[in-house]
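Notes follow once the structure below has been shown.
Throughout, read-outs are computed from the coordinates displayed, never taken from laboratory work. Given the structure is predicted, the values throughout are model-derived calculations rather than measurements. Glycine also receives a Cβ, built like all others from the backbone with ideal geometry; neighbour counts cover every protein chain displayed.
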Amino acid sequence: MDNIGMKPHAPRVIQGAADRSNISRRHILIGSAALLATAVSLPALAQSTTPSARSHNSGEIMMNTVTTKDGVTIYYKDWGSGQPIVFSHGWPLSADDWDAQMMFFLSHGFRVIAHDRRGHGRSSQVADGHDMDHYADDLATLTAHLNLKDAIHVGHSTGGGEVTRYIARHGESRVAKAVLISSVPPIMVKTPANPGGLPKEVFDGFQVQVATNRSQFYLDLPTGPFYGYNRAGSKPLQGVIENWWRQGMMGGIKAHYDGIVAFSQTDFVPDLKKFTVPTLVMHGDDDQIVPYADAGPLSAKIVKGAILKTYKGFPHGMPTTNAETINADLLAFIKS
């Protein structure tokens, strides 16, 4: 450690016994006064350093959290000005998973917003409400709190389900466009109506791993199929893997356990039929988490007028591994 900013040591002075006694008493009095002053000022200091953001509409200072009608605290980031882009993250991550997109679109003059879903990241680790209806209602609470209008909603993976249910449940009055990236709609689990889905046993296995050793599970997923790092020729980035693990372990195990049912068993077909805003569906054909054939193309077919962009060889986590391509295509769609 260097000594930048440190003052040089004062010369050593040897005091007599009487001087030392006077100095000791004086130090005690000064120290006591300092402690009292510190105790008095602590609440004010804590208040002054609490994270806050300035409202874009009225100029007042407000916290960077919002409380839902059932008492859940939702954390969010809100940067910049201009047309708002709202990002909904995947399971079991947080708003931090959108770093590459937040920085990119902020630099292009947009207002960028991302929140931690209930039970995830820095939001409340509640026991209940980990289903798509609550996710959508929480998003509606956030958009109303920020009074967002003409917003572009972008959802990745489970976040795509959240955006889909939000539009269907709360309408499009605040929405300009929608983007579904590697998203879970129309429905992931195999059913008689969805024979191409994954067997329920796959998701049951996910729940077992979350319940018994999610820390290891949250290393195995990003190390392997989530980013396609298990493919020949891939170049795993340890920082990306550890950041995925970090975000996952920030959230609550109950939220993550229940969330597996939410993202795998929710039927979004009726929701997708309600879309009327311009919609872009982006999906990699080597997605090992939400397999391409039973997701992106089917959603694009259900949403009237939707655009499907297929990315050859791209993995589920392509907003991170292929951020340059994804960001450029997002920007082109938003400006179109």
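Worth a mention:
- Residue list for segment 265-309, filter: touching a residue at least 60 places away in the same chain (Cβ under 8 Å), among the small types (Gly, Ala, Ser), touching a strand residue (DSSP E or B) at 6+ places or on another chain (Cβ under 6 Å) and in a helix (DSSP H, G or I): GLY296, SER299
- Condition check for ASP271: closer than 17 Å to THR158 by Cβ, among the acidic types (Asp, Glu) and surrounded by fewer than 17 Cβ atoms within 10 Å (Cβ to Cβ): no
- Given (1) touching a Lys or Arg at 6+ places or on another chain (Cβ under 8 Å); (2) touching a residue at least 60 places away in the same chain (Cβ under 8 Å), number of the condition GLY228 does not satisfy: (1)
- The lone criterion from (1) of a type outside the set (Asp, Glu); (2) out of contact with any Asp or Glu (no Cβ under 8 Å at 6 or more places or on another chain); (3) not in a strand (DSSP E or B) left unmet by PRO186 is number (2).
- Considering only residues in segment 314-336 that are small (Gly, Ala, Ser) and assigned to a loop (DSSP other than H, G, I, E, B), the one that is surrounded by the most Cβ atoms within 10 Å (Cβ to Cβ) turns out to be GLY317.
- Within segment 163-183, tally of residues that are more than 28 Å from ILE253 (Cα to Cα) and in a loop (DSSP other than H, G, I, E, B): 4
- Out of GLY252, GLY228, sole residue that is farther than 18 Å from PRO315 by Cα and crowded, with 16+ Cβ neighbours inside 10 Å: GLY252
For (1) surrounded by fewer than 21 Cβ atoms within 10 Å (Cβ to Cβ); (2) over 25 Å from TRP245 (Cβ atoms); (3) more than 12 Å from the chain's Cα centre (by Cα), each residue gets a yes or a no:
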| site | (1), (2), (3) |
| --- | --- |
| ILE74 | no, no, no |
| HIS89 | no, no, no |
| LEU93 | no, no, no |
| ASP96 | yes, no, no |
| GLN101 | no, no, no |
| PHE104 | yes, no, yes |
| ASP116 | no, no, no |
| GLN125 | yes, no, yes |
| ASN147 | yes, yes, yes |
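- Test: residue in segment 236-244 that is in a loop (DSSP other than H, G, I, E, B) and under 17 Å from ASN322 (Cα atoms): yes
- Enumeration of residues in segment 293-312 that are surrounded by fewer than 22 Cβ atoms within 10 Å (Cβ to Cβ) and either closer than 21 Å to ASP97 by Cα or touching a helix residue (DSSP H, G or I) at 6+ places or on another chain (Cβ under 8 Å) (or both): ILE302, ALA306, ILE307, LEU308, LYS309, THR310, TYR311
- Yes/no for VAL261 being of a type in the set (Val, Ile, Thr) and not in a helix (DSSP H, G or I): no
- Residue count for segment 275-299 under the criterion of being touching a Lys or Arg at 6+ places or on another chain (Cβ under 9 Å) and farther than 27 Å from ASP220 by Cα: the result is 7.
Quick grid of which residues meet (1) touching a helix residue (DSSP H, G or I) at 6+ places or on another chain (Cβ under 7 Å); (2) not β-branched (Val, Ile, Thr):
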site: VAL163; (1), (2): no, no
site: VAL202; (1), (2): no, no
site: SER215; (1), (2): yes, yes
site: ARG246; (1), (2): no, yes
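Table: residues versus (1) outside any strand (DSSP E or B); (2) of a type in the set (Gly, Ala, Ser); (3) touching a helix residue (DSSP H, G or I) at 6+ places or on another chain (Cβ under 9 Å).
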residue: GLY71; (1), (2), (3): yes, yes, no
residue: VAL86; (1), (2), (3): no, no, yes
residue: LEU93; (1), (2), (3): yes, no, yes
residue: ASP96; (1), (2), (3): yes, no, yes
residue: ALA100; (1), (2), (3): yes, yes, yes
residue: GLY109; (1), (2), (3): yes, yes, no
residue: VAL112; (1), (2), (3): no, no, yes
residue: ARG118; (1), (2), (3): yes, no, yes
residue: HIS130; (1), (2), (3): yes, no, yes
